[in-house]
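Structure first, then comments.
The values are calculated or read from the model by the stated rules, or taken from the named source; none is laboratory data. All figures in this text were calculated on a predicted structure; none of them were measured in a lab. Backbone-built Cβ (ideal geometry, glycine too); neighbour counts: all protein chains shown.
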Amino acid sequence: MAEIEKVGIVGCGLMGSGIVEVCAKSGYETIVREVNEKFLEGGLGRLDKSLARAVDRGKLDAAKRDETRARITGTTKLEDLAGCDIVIEAVIENPEAKKDVFRALAGIVRDDVVLCSNTSSISITEMAVEAGRPEQFLGVHFMNPVPVMPLVEMIRGLQTSDETYATAKGFVESLGKTTILAKDTPGFAVNIILVPYLLDAVKTLELGVATKEDIDKGMKLGCNMPMGPFELADFVGLDTTLFIADYLFDEYRDSRYAAPVLLRRMVAAGWNGRKSGKGFYDYGKK
């Protein structure tokens with residue numbers, strides 16, 4: 001397996017742009033692909049703002065920012081990822097959308113490339129089959145916001161080779177991240193615990209036990225959580241939270257993963273959290 005020098009990212013949304021940033025900061029030539037120029041421009045703009053904030057806060061000097069930005073190339077053509085040594089998919093949390101990406105990549109990338117999905121819940125083994133090289137496929141679940149959060153959850157599929165895992169783990173740790181290893185079980189190690197917590201918070205609100213503000217304050221001050229459950233759900237995205245809950249419920253048929261009516265109604269209204277300007281809290285104009 002080739003030494004990793006060039007990284008490809010598919011998707012430049014909230015997660016994708018963060019992964020691009022940490023890869024480029026760590027010295028890797030990085031190319032990111034989006035479906036059209038509008039989405040690409042938005043993603044790169046988000047990345048530029050993140051780098052600017054890092055400079056303003058003294059966490060990055062201007063020269064390092066410029067070096068980082070120079071390593072990043074944007075494209076709307078999947079074929080431009082042909083020369084990458086590792087490709088990380090970071091598109092919408094939808095099984096078919098992700099499988100479509102890997103079916104297309106199968107005919108583009110080199111035979112020795114490492115293929116990864118940033119999924120937070122979907123089966124790695126299923127996607128690996130679509131990629132046509134299951135032994136070179138695994139999950140690398142970055143936490144949001146990627147430039148700040150130190151954890152990456154790594155998931156081996158049934159056929160992931162030891163060499164692929166070792167290569168990917170070394171790469172992820174070169175980004176300054178700490179890794180944990182999870183089985184290819186729906187929700188993996190983080191969301192299998194986190195999602196019921198978020199859903200229970202919404203159910204508690206529905207029951208009128210306390211206001212969302214007091215529930216958030218209680219979890220932060222009483223349980224030492226950095227964010228309350230409603231703040232966190234808004235940050236993750238209520239649509240993403242609902243999708244993961246539904247996916248886990250379909251897999252486990254466990255009432256812990258049954259989405260509350262309030263969450264489903266809010267997503268139907270387009271109140272998806274910070275990214276839409278309104279969720280459990282109001283963030284003003286998008």
Does the stretch 1-16 contain at least one residue that is part of a strand (DSSP E or B) and either free of Cβ contacts under 8 Å to residues at least 12 places away in the same chain or out of contact with any Gly (no Cβ under 8 Å at 6 or more places or on another chain) (or both)?
-> yes
Quickly run through the stretch 145-160 and pick out the residues that are outside any strand (DSSP E or B) and either buried (at least 18 other Cβ atoms within 10 Å of the Cβ) or among the basic types (K, R) (or both).
-> V146, P147, G157, T160
Among E135, E126, which is the only one that is in a helix (DSSP H, G or I), modelled with pLDDT under 95 and either surrounded by fewer than 20 Cβ atoms within 10 Å (Cβ to Cβ) or not assigned by TED's automatic domain parsing to the domain that holds A24 (or both)?
-> E126
Residues (within 25 Å of V129 (Cα to Cα), of a type in the set (A, V, I, L, M) and either in contact (Cβ under 8 Å) with a residue 40 or more places away in the chain or buried (at least 18 other Cβ atoms within 10 Å of the Cβ) (or both)) located in the stretch 66-90 | L78, L81, I86, V87, I88, A90
Please work out if E93 is buried (at least 16 other Cβ atoms within 10 Å of the Cβ), in a loop (DSSP other than H, G, I, E, B) and in contact (Cβ under 8 Å) with a residue 60 or more places away in the chain.
-> yes
Answer yes or no: is there a residue in the stretch 257-268 that is in contact (Cβ under 8 Å) with a residue 60 or more places away in the chain, over 20 Å from G208 (Cα atoms) and assigned by TED's automatic domain parsing to the domain that holds D214.
-> yes
2 or more residues on the phi < 0 side of the Ramachandran plot, loosely packed, with under 13 Cβ neighbours inside 10 Å and among the β-branched types (V, I, T): qualifying helices (runs of 4 or more DSSP H) within the stretch 171-263 = none
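Here's the yes/no breakdown for (1) closer than 30 Å to S26 by Cβ; (2) aliphatic (A, V, I, L, M); (3) under 15 Å from the mean Cα position of the chain (by Cα); (4) modelled with pLDDT under 95:
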{"residue": "M154", "(1), (2), (3), (4)": "yes, yes, yes, no"}
{"residue": "L175", "(1), (2), (3), (4)": "yes, yes, no, no"}
{"residue": "L198", "(1), (2), (3), (4)": "no, yes, no, no"}
{"residue": "T211", "(1), (2), (3), (4)": "no, no, no, no"}
{"residue": "K217", "(1), (2), (3), (4)": "no, no, no, no"}
{"residue": "N224", "(1), (2), (3), (4)": "no, no, no, no"}
Selection within the stretch 109-123 - of a type in the set (G, A, S) and assigned to a loop (DSSP other than H, G, I, E, B) | S120, S121, S123
Go through the residues of the stretch 178-195 one by one and say whether even a single one is in contact (Cβ under 8 Å) with a residue 40 or more places away in the chain and over 24 Å from the mean Cα position of the chain (by Cα).
-> no
Of these, G208, G237, G279, which one is without any contact (Cβ under 8 Å) to a residue 24 or more places away in the chain and small (G, A, S)?
-> G208
